[in-house]
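> My questions will all concern the structure given below.
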Amino acid sequence: MGASMPRRFSYHELARSTVDFAETEKLGEGGFGGVYKGFLKDLSMWVAVKMASRTSKQGIKEYVSEVRIISRLRHRNLVQLIGWCHEKGELLLAYEFMENGSLDLHLFKGKSMLTWNSRYKIAHGLASVLLYLHEEWEQCVLHRDIKSSNVMLDSNFNVKLGDFGLAKLVDHEKSTQTTTLAGTFGYMAPEYLFTGRSTKESDVFSFGVVALEIACGRKATDYISLEKQIRLVEWVWELYGNDSTLEAVDPSLGSEFDEEEVRRLMSIGLWCVHPDSEFRPSMRQGIKVLNSEASMPLLPSKMPIAYFLPPLASSLSDFYSTSQYQSLSRSLEPPSTESSKQTTSSSANSSSSQFISMSHSMQ
Ligand SMILES: Nc1ncnc2c1ncn2[C@@H]1O[C@H](COP(=O)(O)OP(=O)(O)O)[C@@H](O)[C@H]1O
Ligand SMILES: [Mg+2]
């Protein structure tokens, strides 16, 4: 990884590199605009040029946050920012090009068949960079949008975490941020949906969802069973409780996987998505289990149910009109295919809901 600092580019340079943002060069489409493949002649390197929406305030905010945060971070599992451009009202970011695109393309869209070995390595790389963001840098960085389409893969399938549009810096002692509710349904922790307060634990939750997606080759937001409306997390937990975790493994792996590692990855995944944030591991604990330096967690055989009490609401009708309640109920509706893909922002301001887990305590 080159250690050079990101630099400013002219609009002309970036436009030329992508053949004027040609449709044929499009690598992906996120919440706020397209990402295009380009070639910078001067540097003789391939880049991915991300366009931010200049019409939306949110788009500009995300652009600023992405440049500010990612240009200061250094880790082998972070996608490197090469430069930026704001000119003629355009906001552009140039990243090193990741040959293997994002993880979702491999897991769900048939770009390639990831071997078990590379899956385990990917989970490890993602855990390492999250540990760095949460604990090893001068401030705590909350990514707030961990999901498989934001995990890039280089030519050797090394993880490069990207998309810092929603990231926030917080002091280590505080490690919590109350802001506009933003993230992606299916990856957002229940207490975060409810309070709008992002924490290390809410990032850990999203990591857990990705860990399960990696092992199962299924999307977090897909219903495994429509009649019972079971989602990935609940389905894996049910199998775990019946001691049949291995049934959840991506069928396209056949029998080509390491049983012990599958059990580890799935139980870390479930541990991280524990509905009660207090029971989730830190990324440091998670990595220890991935490395077989600590034993696997013993989780309740039934997935605990999350209940929330809003102490500020003086009556039930007050409570039902709160934005938290509304955003929670929205999140429980089956997602339309489009909206489940998109990063979402909506307003949730209260910070005083109380989480009560009717969890069967850890065994
Ligand atoms: N550096 C890169 N190399 C290759 N593909 C990339 C790169 N950055 C982004 N992409 C592709 O574009 C998609 C959207 O990029 P992302 O940075 O997540 O933007 P957004 O904020 O719009 O979601 C990714 O899911 C990925 O498929
Ligand atoms: Mg993205």
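Values in this text are rule-based calculations from the coordinates and carry no lab data. Just so we're clear, the structure is a prediction, and the values are computed from it rather than from any experiment. All Cβ positions, glycine included, derive from the backbone under ideal geometry; neighbour counts span all protein chains shown.
> Just want the ordering: W237, W116, from fewest to most Cβ atoms lying within 10 Å of their own Cβ.
Working: W237 26, W116 19.
Lowest to highest Cβ neighbour count: W116, W237.
> If packing is taken as the average number of other Cβ atoms within 10 Å across a peptide's residues, how do 194-202, 74-82, 105-113 rank, most packed first?
Details: 194-202: 24.3, 74-82: 19.3, 105-113: 15.9.
The most tightly packed comes first, giving 194-202, 74-82, 105-113.
> Okay, moving on. Taking 8 Å as the Cα distance limit and 6 or more residues as the minimum spacing, I'd like the relative contact order of the range 12-169 as a percentage. Please list the in-between numbers first.
Numbers: 274 pairs, mean separation 34.3, N = 158.
This gives 22 percent for the range 12-169.
> Based on the alpha-carbon set only, what is the convex hull volume of the range 7-96 divided per residue, in Å³? Show your work: numbers first, answer last.
On the way: hull volume 8.8 nm³, N = 90.
Here the figure is 97 Å³ per residue.
> Distance check, please: which entries in K26/K121; K50/K111; K147/K228; K50/K160; K50/K200; K147/K219 exceed 18 angstrom between their Cα atoms? Could the numbers behind the result be given before it?
On the way: K26/K121 28 Å; K50/K111 21 Å; K147/K228 25 Å; K50/K160 16 Å; K50/K200 27 Å; K147/K219 10 Å.
In this structure, K26/K121; K50/K111; K147/K228; K50/K200 exceed 18 Å between Cα atoms.
> With Kirkwood's inverse mean 1/r over C-alpha pairs for Rh, give me the Rg to Rh ratio of the range 164-314, two decimals please.
Details: Rg = 16.0 Å, Rh = 16.4 Å.
The Rg/Rh ratio comes out at 0.98.
> How many angstrom lie between the C-alpha centres of the range 67-123 and the range 197-246?
Distance between centres, Cα-based: 24 Å.
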